[in-house]
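Beneath this line is the structure, given in structure tokens, with notes to follow.
What follows draws every value from the coordinates through simple rules; no lab data is involved. As the structure is a prediction and not an experimental result, all values here were calculated from the model. Please note: Cβ atoms are built from the backbone with ideal geometry, for glycine as well, and neighbour counts cover all protein chains shown.
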Amino acid sequence: MSQYFYLHPENPQGRLIKQACQIIHAGGIVATPTDSCYALVCHLDDKDAVQRLRRIRQVDEKHHLTLLCRDLSDIATYAKVDNRQYRMLKAATPGPYTFILEATKEVPRRLSHPSRKTIGLRVPDDRIIQALLTELGQPLLGTTLILPEQEQPLNEPEEIRDCLASQLELIIDGGACSLLPTTVVDLTGETVQLLRLGRGDPQIFGL
């Protein structure tokens, strides 16, 4: 049975943030609010937790998982970014966007796309997830909390508990989130490609 924390969305309690990070370090999978919808997150370097996360979502290795980063300095470690890409990233972060970029060697091979060697990254504009990232001191690996064969993400933390309490170590209740996932844009080509329209306005990229 998972633990259940109530965190203030604007001023998350430091004691609970520390406890949540301890759970993540121990290999736990956590449901947390973000600036788009709820997400499942785990430790970047925990292979078993990553495999469990994929099983919950029922997605294979071809499905991009996302690195949630504190700021653009983290992104530069895990993705190859040129000046043009950096300007677009700076204009859109933090915010509800996921960027597909070429992965660096710092990204474990199992986390990058098996054929394209790309990775999804984002900088969320949410105080709870930012507090977790600050306490951890490194990115989290995450995915939108959409159950298999469902089209809409889970939005209510109590509903998440009803559906997934036996599969998660922690559910963070920060109130209801948007039902829209992030807007996903591919920055690896000469032109920006819109892969998924979500909460973020694609017009910032001229789309």
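The alpha-carbon of K62 sits under 30 angstrom from the alpha-carbons of these lysines, leaving out residues fewer than 8 places away in its chain: K47, K80, K90, K105, K117.
Taking 4 °C and 1.567 mPa s as the conditions, I'd like the Stokes-Einstein D for the stretch 5-52 in µm²/s, using the Kirkwood hydrodynamic radius from alpha carbon pairs. This corresponds to a translational diffusion coefficient of 112 µm²/s.
Each 10 Å bin from 0 upward holds the following percent of the Cα-Cα pairs of the stretch 48-102: 19, 46, 27, 8. In the chain, the sites counted are trypsin sites (Lys or Arg not before Pro) in DSSP loop states with at most 10 other Cβ atoms within 10 Å, and the longest stretch holding none of them, exclusive of the sites, is 106-207. Counting every C-alpha pair in the stretch 3-199, the share spaced more than 31 angstrom apart comes to 11%. Within the listed set P124, P96, P148, the Gaussian network model of the chain (springs between alpha-carbon atoms below 10 Å) gives the highest mean-square fluctuation for P148.
Annotation: amide H-H contacts under 5 Å for L140 (H modelled 1.01 Å from N, sequence separation of 5 or more, or interchain): L68.
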